[in-house]
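The values are calculated or read from the model by the stated rules, or taken from the named source; none is laboratory data. Predicted, not measured: the structure shown is a model, and the values here were computed from it. Glycine gets a Cβ as well: all are built from the backbone with ideal geometry, and neighbour counts include every protein chain shown.
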Amino acid sequence: MELNSESIWKTYNQQIAFPPLQNDTSVDIVIIGGGITGISTAEQLKDSGFTIAVLESGKVGYGTTGQSTGNLYVNIEELLVSLKEKYDEKVIRNVIQARKKAFDVIERNVKEYKIDCDFKKQPMFIYQETSSSTSFIKEELEFDKKLNISVREIDQQAFPFQLFKGIQYFDQAQFNPLLYTQGLALKIHDKSNCTIYEQTRVQSINDDNNYYTILTTSGVVKAKIVIHATHTPKRKQLSYHSRLGPYREYGVAATLKDKAECPEGIFWLNQNDEKYSFRTYSRNGRNYIMAIGKPHKVGQKNNNKIYVEELRSFLMKRFSVEEITHQWGGQNYKPADDLPFMGRIKTGSNEFIATGFSTDGLIYGTLASTILANIIKGNPDPY
């Protein structure tokens with residue numbers, strides 16, 4: 001198999017296309033971005049009496065969503081103990097409950113719309129191989145138990161890899177995020193009240209008394225409400241840009257000679273300031289192992305190829321790799337205060353943002369869709 005420089009999800013995608021915008025139009029709501037956040041928000045609003053246009057500059061799900069790990073978990077990238085310095089326990093409990101709610105939304109959509117995206121409940125393991133710097137494992141385990149998260153210390157006898165100490169989480173999940181987002185888009189695309197436009201890049205946004213004119217590469221859209229379901233808001237003058245740190249990390253996938261060598265599950269290896277996420281994926285009779293990691297701030301490294309090579313080496317050393325098949329990179333934005341921005345850009349505005357998800361965007365993006373939809377519909381939302 002020829003080495004693919006795109007993510008493994010793009011090998012297994014639905015060959016679908018939505019039309020570009022061809023004429024000027026007016027709607028109630030414009031959603032900028034056709035990733036999991038934008039498509040999920042459209043799904044949440046579709047049956048609320050609004051007319052909706054989703055504007056995607058490329059292809060639905062092909063941006064950050066299609067570069068992600070496809071892992072779904074209640075914890076966060078930096079672990080929950082990282083929030084203790086800035087937030088009280090009530091806020092952290094809300095974060096957990098909100099992420100659980102988003103997890104349930106994804107599972108519900110998969111079942112209700114019968115989306116073929118390889119969704120499967122899985123355990124998640126965060127562990128270290130050697131005894132160096134293990135205090136965070138103990139602290140996280142104790143904190144998780146205090147928060148009533150379903151966890152336990154990993155049983156060393158049953159764990160398939162070298163282990164010093166680790167945590168096992170129950171009832172997390174994995175899926176193909178591109179197939180999910182495409183499948184959801186197909187279910188909601190309806191020219192009568194919810195239209196998805198691909199290859200339609202937003203160039204500028206102007207407002208006059210909270211009525212918006214969105215100029216795109218192929219036409220003008222007028223709307224009462226604008227949702228920025230993008231990495232960073234399209235409005236250049238917003239202060240949120242200075243509160244987001246751009247980071248990049250990489251992924252490598254390979255076919256396995258022996259699938260049984262790596263059990264199913266989400267594995268996070270944290271060792272000596274290195275963090276690798278790895279897991280298996282099977283589709284159309286082919287079995288893969290993939291590894292994600294080597295994050296760094298954008299523009300701070302001279303040779304990105306080194307990080308891809310280190311991920312390749314990580315897989316080759318630990319598994320019976322048959323062939324390296326995919327390697328790719330993805331970008332994420334880390335918020336200054338460790339929690340994402342979701343809501344109105346300012347009090348009274350009908351312009352909304354959803355950004356700052358770090359590498360937790362599949363859950364946070366889905367959560368944002370429920371929060372924004374409730375605000376727009378005038379419904380109470382606990383988060």
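Figure legend. Inter-residue proximity from the range 56-69: first residues aliphatic (A, V, I, L, M), second residues in a helix (DSSP H, G or I), beta-carbon distance below 7 Å, spacing 6+ or different chains. Indicated pairs: Val60/Ile39; Val60/Thr181; Val60/Gln182; Val60/Ala185. Those strands (runs of 3 or more DSSP E) of the range 104-181 in which at least 1 residues are modelled with pLDDT under 95 and of a type outside the set (Asp, Glu), considering only elements entirely within it, cover 120-128, 165-174. Do you know which residues across the range 342-352 are surrounded by fewer than 21 Cβ atoms within 10 Å (Cβ to Cβ) and of a type in the set (A, V, I, L, M, F, W, C)? The one that is surrounded by fewer than 21 Cβ atoms within 10 Å (Cβ to Cβ) and of a type in the set (A, V, I, L, M, F, W, C): Ile345.
Select from the range 34-48 the residues that are of a type in the set (Asp, Glu) and outside any loop (DSSP other than H, G, I, E, B) and list them in ascending order.
The one that is of a type in the set (Asp, Glu) and outside any loop (DSSP other than H, G, I, E, B): Glu43.
Return yes when Asp28 is within 23 Å of Thr216 (Cα to Cα), more than 22 Å from the chain's Cα centre (by Cα) and among the acidic types (Asp, Glu) and no when it is not. So Asp28 passes the test. Give me the pairs, please: first residue somewhere in the range 28-40 and surrounded by fewer than 24 Cβ atoms within 10 Å (Cβ to Cβ), second residue anywhere and among the charged types (D, E, K, R) and part of a strand (DSSP E or B), beta-carbon distance under 6 Å, and either six or more positions apart or on two chains. What qualifies is Asp28/Lys224.
State which residue is farthest from Pro233 (Cα to Cα) when the search covers only the range 51-74 and only residues that are part of a strand (DSSP E or B) and not polar (S, T, N, Q). My answer is Leu72. The residue list Ala368, Ala291, Ala354 contains one member that is in contact with a Pro (Cβ under 9 Å, 6 or more places away or on another chain), in a strand (DSSP E or B) and not basic (Lys, Arg), which is Ala354. When only residues in the range 191-229 that are in a loop (DSSP other than H, G, I, E, B) and crowded, with 22+ Cβ neighbours inside 10 Å count, which is farthest from the chain's Cα centre (by Cα)? Per the stated criteria, the residue is Thr200.
Does the range 203-239 hold any residues that are among the β-branched types (Val, Ile, Thr) and modelled with pLDDT of 95 or more, and which are they? Those that are among the β-branched types (Val, Ile, Thr) and modelled with pLDDT of 95 or more: Thr213, Ile214, Thr216, Val220, Val221, Ile225, Val226, Ile227.
Per-residue answers, yes or no, for (1) under 21 Å from the mean Cα position of the chain (by Cα); (2) of a type in the set (S, T, N, Q):
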site: Ile292; (1), (2): yes, no
site: Gln300; (1), (2): no, yes
site: Arg318; (1), (2): no, no
site: Ile324; (1), (2): no, no
site: Gln331; (1), (2): yes, yes
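Of the set (1) out of contact with any helix residue (DSSP H, G or I) (no Cβ under 7 Å at 6 or more places or on another chain); (2) surrounded by 20 or more Cβ atoms within 10 Å (Cβ to Cβ); (3) part of a loop (DSSP other than H, G, I, E, B), all apply to Pro233 but (1).
Looking across Ile154, Ile106, Ile137, one residue alone is under 17 Å from Asn71 (Cβ atoms) and touching a strand residue (DSSP E or B) at 6+ places or on another chain (Cβ under 7 Å). It is Ile106. Screening Gly293 against (1) small (Gly, Ala, Ser); (2) out of contact with any Lys or Arg (no Cβ under 7 Å at 6 or more places or on another chain); (3) crowded, with 18+ Cβ neighbours inside 10 Å leaves a single unmet condition, (2). It is to be established whether one or more residues within the range 274-286 are in contact (Cβ under 8 Å) with a residue 12 or more places away in the chain, polar (S, T, N, Q) and either part of a helix (DSSP H, G or I) or closer than 17 Å to Leu79 by Cα (or both). For the range 274-286, residues in contact (Cβ under 8 Å) with a residue 12 or more places away in the chain, polar (S, T, N, Q) and either part of a helix (DSSP H, G or I) or closer than 17 Å to Leu79 by Cα (or both): present.
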